[in-house]
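Beneath this line is the structure, given in C-alpha coordinates, with notes to follow.
The values are calculated or read from the model by the stated rules, or taken from the named source; none is laboratory data. Bear in mind that the values here come from a model prediction, so they are computed numbers and not experimental data. Positions of Cβ are backbone-derived with ideal geometry, glycine not excepted, and every protein chain shown enters the neighbour counts. What goes into the accessible areas is simple: the full protein's heavy atoms, side chains included, and nothing from ligands, DNA or RNA. Shrake-Rupley method; radii C 1.70, N 1.55, O 1.52, S 1.80 Å.
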Amino acid sequence: MAAPFEPVITTDAELRAVYRPPGEVVCQKVQPRLDGHARAFIAAAPFVLVGTTSPDGTGDVSPKGGPPGFVAVLDDERLAIPDLSGNNLLDSISNIVHGSGVGLLFLVPGVEETLRVNGHACVTTSPGVLDECTVKDRRPKAAVGVTVTQQYMHCGKALRRSGLWEADEWPDRSVLPSLGSVLRDQMVALRALQVEQIDEMLETDYAATLWQPGGDG
(Lines give C-alpha, C1' and ligand atoms only; values in the text may rest on other atoms or scores of the structure.)
Protein backbone atom coordinates (compact mmCIF):
# COMPACT_ATOMS: atom_id res chain seq x y z
CA MET A 1 0.00 0.00 0.00
CA ALA A 2 1.34 3.41 -0.95
CA ALA A 3 2.35 5.76 1.85
CA PRO A 4 -0.05 8.68 2.46
CA PHE A 5 0.88 12.12 1.17
CA GLU A 6 1.68 13.54 4.58
CA PRO A 7 2.41 16.24 5.51
CA VAL A 8 0.31 18.14 2.99
CA ILE A 9 0.73 21.86 2.26
CA THR A 10 -2.67 23.57 2.55
CA THR A 11 -2.00 27.32 2.74
CA ASP A 12 -0.13 29.96 0.75
CA ALA A 13 1.98 30.70 3.80
CA GLU A 14 3.12 27.09 4.04
CA LEU A 15 3.84 27.08 0.32
CA ARG A 16 5.98 30.20 0.48
CA ALA A 17 7.91 28.71 3.38
CA VAL A 18 9.16 26.13 0.88
CA TYR A 19 9.49 28.31 -2.24
CA ARG A 20 11.09 31.74 -2.55
CA PRO A 21 8.94 34.57 -3.98
CA PRO A 22 9.21 35.11 -7.75
CA GLY A 23 11.44 37.95 -8.86
CA GLU A 24 10.03 41.24 -10.13
CA VAL A 25 11.17 40.52 -13.69
CA VAL A 26 9.41 37.13 -13.66
CA CYS A 27 6.17 38.73 -12.50
CA GLN A 28 6.38 41.36 -15.25
CA LYS A 29 6.40 38.73 -18.01
CA VAL A 30 2.80 37.72 -17.23
CA GLN A 31 0.65 39.63 -19.73
CA PRO A 32 -3.15 40.05 -19.71
CA ARG A 33 -3.63 39.71 -23.48
CA LEU A 34 -1.99 38.30 -26.60
CA ASP A 35 0.79 40.52 -27.92
CA GLY A 36 2.72 40.16 -31.16
CA HIS A 37 5.17 37.68 -29.65
CA ALA A 38 2.38 35.39 -28.42
CA ARG A 39 0.64 35.61 -31.78
CA ALA A 40 3.85 34.64 -33.58
CA PHE A 41 4.41 31.66 -31.31
CA ILE A 42 0.82 30.41 -31.74
CA ALA A 43 1.14 30.83 -35.52
CA ALA A 44 4.22 28.55 -35.44
CA ALA A 45 2.79 25.98 -33.02
CA PRO A 46 1.41 22.69 -34.40
CA PHE A 47 0.66 21.32 -30.92
CA VAL A 48 -1.05 22.51 -27.76
CA LEU A 49 -1.91 20.83 -24.47
CA VAL A 50 -5.32 21.79 -23.08
CA GLY A 51 -5.76 21.55 -19.31
CA THR A 52 -9.20 21.57 -17.68
CA THR A 53 -10.82 20.52 -14.41
CA SER A 54 -13.95 18.42 -13.90
CA PRO A 55 -16.71 19.46 -11.49
CA ASP A 56 -15.35 17.02 -8.87
CA GLY A 57 -11.87 18.57 -9.11
CA THR A 58 -10.24 15.89 -11.25
CA GLY A 59 -7.72 17.37 -13.66
CA ASP A 60 -7.52 16.51 -17.35
CA VAL A 61 -5.03 17.34 -20.10
CA SER A 62 -5.89 16.80 -23.76
CA PRO A 63 -3.42 17.08 -26.68
CA LYS A 64 -4.51 19.01 -29.76
CA GLY A 65 -2.56 19.13 -32.99
CA GLY A 66 -2.69 20.40 -36.53
CA PRO A 67 -0.70 22.39 -39.07
CA PRO A 68 1.24 25.32 -37.57
CA GLY A 69 -1.27 28.03 -36.73
CA PHE A 70 -4.25 25.67 -36.53
CA VAL A 71 -5.31 27.51 -33.36
CA ALA A 72 -7.03 30.68 -34.57
CA VAL A 73 -6.18 33.98 -32.88
CA LEU A 74 -9.33 36.08 -33.21
CA ASP A 75 -8.04 39.22 -31.48
CA ASP A 76 -5.81 40.22 -28.57
CA GLU A 77 -8.08 38.56 -26.02
CA ARG A 78 -9.65 35.63 -27.85
CA LEU A 79 -8.51 32.47 -29.59
CA ALA A 80 -10.27 29.34 -30.81
CA ILE A 81 -9.17 25.69 -31.01
CA PRO A 82 -10.92 23.57 -33.67
CA ASP A 83 -12.32 20.27 -32.43
CA LEU A 84 -11.07 17.54 -34.76
CA SER A 85 -11.82 13.82 -34.57
CA GLY A 86 -10.98 12.06 -31.31
CA ASN A 87 -12.30 9.30 -29.09
CA ASN A 88 -15.59 11.10 -28.33
CA LEU A 89 -15.13 10.68 -24.58
CA LEU A 90 -15.27 14.50 -24.57
CA ASP A 91 -13.42 14.81 -21.27
CA SER A 92 -12.05 18.32 -21.70
CA ILE A 93 -15.02 19.63 -23.69
CA SER A 94 -17.45 18.32 -21.07
CA ASN A 95 -15.39 19.96 -18.34
CA ILE A 96 -15.60 23.27 -20.19
CA VAL A 97 -19.37 22.93 -20.65
CA HIS A 98 -19.58 22.49 -16.87
CA GLY A 99 -17.66 25.69 -16.21
CA SER A 100 -13.96 24.79 -16.21
CA GLY A 101 -11.36 27.38 -16.98
CA VAL A 102 -8.55 26.41 -19.33
CA GLY A 103 -4.77 26.32 -19.31
CA LEU A 104 -2.93 25.99 -22.62
CA LEU A 105 0.69 25.03 -23.28
CA PHE A 106 1.85 25.68 -26.85
CA LEU A 107 4.88 23.80 -28.20
CA VAL A 108 6.96 24.43 -31.32
CA PRO A 109 9.25 21.54 -32.38
CA GLY A 110 12.90 22.26 -31.66
CA VAL A 111 12.10 25.28 -29.46
CA GLU A 112 12.81 24.75 -25.77
CA GLU A 113 10.63 27.65 -24.59
CA THR A 114 6.85 27.20 -24.46
CA LEU A 115 3.92 29.60 -24.39
CA ARG A 116 1.41 29.39 -21.55
CA VAL A 117 -2.07 30.84 -22.01
CA ASN A 118 -4.72 30.78 -19.28
CA GLY A 119 -8.30 31.93 -19.45
CA HIS A 120 -12.01 31.28 -19.47
CA ALA A 121 -13.36 28.76 -21.95
CA CYS A 122 -16.54 27.86 -23.80
CA VAL A 123 -17.57 25.41 -26.50
CA THR A 124 -18.86 27.41 -29.46
CA THR A 125 -20.68 26.69 -32.71
CA SER A 126 -20.47 30.31 -33.90
CA PRO A 127 -20.37 30.20 -37.73
CA GLY A 128 -17.78 32.99 -37.89
CA VAL A 129 -15.50 31.29 -35.40
CA LEU A 130 -15.81 27.91 -37.13
CA ASP A 131 -14.89 29.56 -40.43
CA GLU A 132 -11.68 30.81 -38.80
CA CYS A 133 -10.99 27.30 -37.48
CA THR A 134 -11.13 25.49 -40.81
CA VAL A 135 -8.21 23.02 -41.06
CA LYS A 136 -7.22 21.21 -44.26
CA ASP A 137 -10.47 22.44 -45.84
CA ARG A 138 -12.41 20.78 -43.01
CA ARG A 139 -14.72 23.07 -41.05
CA PRO A 140 -15.23 21.79 -37.49
CA LYS A 141 -18.66 21.34 -35.91
CA ALA A 142 -17.48 23.03 -32.71
CA ALA A 143 -14.48 24.83 -31.31
CA VAL A 144 -13.12 25.66 -27.88
CA GLY A 145 -13.25 29.43 -27.45
CA VAL A 146 -10.80 30.94 -24.99
CA THR A 147 -10.97 34.41 -23.47
CA VAL A 148 -7.40 35.10 -22.41
CA THR A 149 -6.62 36.34 -18.91
CA GLN A 150 -2.89 35.54 -18.81
CA GLN A 151 -0.13 34.66 -21.25
CA TYR A 152 3.60 34.35 -20.87
CA MET A 153 6.62 32.57 -22.23
CA HIS A 154 7.87 29.73 -20.08
CA CYS A 155 11.61 29.11 -19.84
CA GLY A 156 13.16 26.04 -21.45
CA LYS A 157 14.47 24.30 -18.31
CA ALA A 158 11.92 21.47 -18.38
CA LEU A 159 12.44 20.68 -22.07
CA ARG A 160 16.20 21.05 -21.74
CA ARG A 161 16.25 18.65 -18.78
CA SER A 162 14.09 16.15 -20.65
CA GLY A 163 16.05 16.27 -23.91
CA LEU A 164 12.66 16.19 -25.62
CA TRP A 165 13.94 17.51 -28.95
CA GLU A 166 17.26 15.63 -28.80
CA ALA A 167 16.99 12.51 -30.99
CA ASP A 168 19.94 10.93 -29.18
CA GLU A 169 17.90 11.02 -25.96
CA TRP A 170 14.87 9.27 -27.45
CA PRO A 171 14.20 5.69 -26.24
CA ASP A 172 14.37 2.70 -28.55
CA ARG A 173 10.76 2.34 -29.73
CA SER A 174 11.02 -1.43 -29.34
CA VAL A 175 11.17 -1.15 -25.54
CA LEU A 176 7.63 0.26 -25.49
CA PRO A 177 4.49 -1.72 -26.38
CA SER A 178 2.49 -0.68 -29.41
CA LEU A 179 -0.94 0.84 -28.82
CA GLY A 180 -2.47 -2.36 -30.16
CA SER A 181 -0.66 -4.36 -27.49
CA VAL A 182 -1.87 -2.01 -24.75
CA LEU A 183 -5.48 -2.07 -25.95
CA ARG A 184 -5.52 -5.86 -26.31
CA ASP A 185 -4.44 -6.24 -22.67
CA GLN A 186 -6.94 -3.64 -21.43
CA MET A 187 -10.04 -4.43 -23.49
CA VAL A 188 -11.80 -7.79 -23.29
CA ALA A 189 -13.47 -7.19 -26.67
CA LEU A 190 -10.06 -7.27 -28.39
CA ARG A 191 -8.58 -10.37 -26.72
CA ALA A 192 -9.44 -12.61 -29.68
CA LEU A 193 -7.37 -10.47 -32.07
CA GLN A 194 -3.64 -10.50 -32.67
CA VAL A 195 -1.70 -7.39 -31.71
CA GLU A 196 -0.68 -6.89 -35.35
CA GLN A 197 -4.35 -6.89 -36.39
CA ILE A 198 -5.21 -4.20 -33.86
CA ASP A 199 -2.24 -2.05 -34.88
CA GLU A 200 -3.34 -2.35 -38.52
CA MET A 201 -6.91 -1.36 -37.59
CA LEU A 202 -5.59 1.70 -35.75
CA GLU A 203 -3.50 2.78 -38.75
CA THR A 204 -6.51 2.37 -41.03
CA ASP A 205 -8.57 4.54 -38.69
CA TYR A 206 -5.86 7.20 -38.57
CA ALA A 207 -5.77 7.37 -42.35
CA ALA A 208 -9.56 7.59 -42.63
CA THR A 209 -10.37 10.05 -39.84
CA LEU A 210 -7.25 12.14 -39.16
CA TRP A 211 -8.74 15.41 -40.43
CA GLN A 212 -12.41 14.75 -39.73
CA PRO A 213 -14.25 17.25 -37.52
CA GLY A 214 -15.03 16.04 -34.01
CA GLY A 215 -18.20 13.97 -33.85
CA ASP A 216 -17.80 12.50 -37.35
CA GLY A 217 -16.86 8.91 -38.08
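Some notes on this structure:
- Karplus-derived HN-Hα couplings along region 141-156 (A = 6.51, B = -1.76, C = 1.60, θ = phi - 60°), whole Hz, x at Gly and Pro: 7, 8, 9, 8, x, 10, 9, 6, 10, 8, 8, 6, 6, 9, 4, x
- Within region 110-177, the trypsin sites (Lys or Arg not before Pro) that combine a DSSP coil assignment with at most 16 other C-beta atoms in a 10 angstrom radius are K136, K141.
- Note on region 34-119: with charges restricted to the Cβ of Lys and Arg (+1) and Asp and Glu (-1), its dipole about the Cα centre is near 140 debye.
- Projecting the Cα atoms of F106, A80, C122 onto the dipole axis of region 70-132, where Lys and Arg carry +1 and Asp and Glu carry -1 at the beta carbon, places C122 farthest toward the positive end.
- Loop sites by DSSP among the chymotrypsin sites (Phe, Trp or Tyr not before Pro) of the chain, restricted to those with at most 10 other Cβ atoms within 10 angstrom, leave 20-217 as the longest stretch without any of them.
- Dipole magnitude (debye, nearest 20) for the chain, charges at Cβ of Lys, Arg, Asp, Glu: 400 debye
- Kirkwood Rh, Cα atoms: Rg over Rh of region 1-114: 1.03
- Trypsin sites (Lys or Arg not before Pro) lying in DSSP loop within region 1-94, provided at most 11 other Cβ fall within 10 Å: none
- Counted over all Cα-Cα pairs of region 111-170, pairs farther apart than 14 Å make up 68 percent.
- Annotation: per residue accessible area for the chain equals 65 Å², rounded to a whole number [probe 1.4 Å, protein chains only].
- The GluC sites (Glu not before Pro) found in region 156-217 that occupy coil by DSSP, while having at most 14 further C-beta atoms within 10 Å, are E166.
- Sequence-distant residues sharing a close amide H with V148 (under 5 Å, placed H): R78, L79
- Per residue Cα convex hull volume in Å³ - calculated over region 50-162: 116 Å³
- Gyration tensor (alpha-carbon) shape descriptor, region 135-217, a/c threshold 1.5: oblate
- Estimated 222 nm signal from helices in the chain, with DSSP H stretches of n ≥ 4 weighted -39500 (n - 2.57), rounded to 500: -7500 deg cm²/dmol
- Formal net charge of residues neighbouring D91 (Cβ-Cβ distance under 14 Å; K, R +1; D, E -1): -2
- Note on region 45-108: Kirkwood radius taken over Cα pairs, Stokes-Einstein applied at 4 °C and 1.567 mPa s, translational D equal to 104 µm² s⁻¹.
- Alpha-carbon Debye profile of the chain, log10 I(q)/I(0) at 0.08, 0.09, 0.10, 0.11 Å⁻¹: -0.38, -0.48, -0.59, -0.71
- Derived value for region 82-141: Kirkwood hydrodynamic radius 13.5 Å. Basis is the mean of 1/r over every pair of different alpha-carbon atoms.
- Share of carbon and sulfur in the accessible heavy-atom surface of the chain [1.4 Å probe, %]: 56 percent
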